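Only the coordinates and a few stated rules stand behind these numbers; no lab work does. Note that this is a predicted model, so its numbers are computed, not measured. Cβ sites come from the backbone with ideal geometry, for glycine too, and all protein chains shown count toward neighbours.
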Amino acid sequence: MSFSPLFTSLGSLLTHLADGLDVAFGASSTAAAIVVFTCLVRLALHPLTRSAARGERTRAELVPRLAELKRKHARNPERLQREAAELYAKAGSSPLAGCLPMLAQLPVFYVMYHLFSSGDDGGNLLEHTLLGAPLGDRWADALGDGGLVGPHGLVYLGLFALVGAVATWTYVRNRKATAALPLPGAGDTPVPGMAAMAKVMPLLSFGTLVTAAVVPLAAGLYLVTTTTWTALERAYLQPLRTPGRS
């Protein structure tokens, strides 16, 4: 299946959006259009994110009852599975209630990331600039053209500073969320690798910093915009994920 028509349409849409932003942002209007377009897409996907948050809350509310079922039917896996399914059905949920809405968003993120990374069928998207730095260039190009603190290098340093700030804030929130998780009961069997995963998961927020250093600047703008949106959105929806809150 070819995505060329879709990339062409998105490229045309971004061009029109950039034209509308030209008065305010001048030569950087295409970069501004990437940020605005990303925010508009994330806003359109917000209902799916809210649905995922509600799914997480439902699963959290069912944890004590599932633990009781596990203790009660530990020697009868078939009955445990059946009653757990009945419990989810009564709650109007499923074990994947918080995951499916997020999975539905992945194709959208892939299309946008591919467009901003390659510029395929997106017109001359990557030929524009942000404060003089070409949207199609990478950090290595900036280092070779003026060095770390050259005109182009400073654009990347500003981008990295923003990515780092968002990643640090996300890391702190994830550490607090991990620390707030209930400890396994005395009779619970620990899941292999879960302890190591709990330590590594908060660090994944810094992966965007590495990615932004090796992809084109346009893709870096998309990444910093969507990760910032995700961090703020998760904080906004946190009450919705908390059992007993609405």
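Counting Lys and Arg as +1 and Asp and Glu as -1 over every other residue whose Cβ lies under 12 Å from the Cβ of residue 227, the net charge comes to +1. Working from label points 7 Å from Cα in the Cα-to-Cβ sense, the residue 103 to residue 85 distance is 1.7 nm. The distance separating the Cα centre of segment 42-83 from that of segment 27-41 comes to 38 Å.
Rounded, prolate or oblate: which fits segment 29-71, taking a ≥ b ≥ c as square roots of the Cα gyration tensor eigenvalues, rounded meaning a/c under 1.5, else prolate when a/b beats b/c? The shape class here is prolate.
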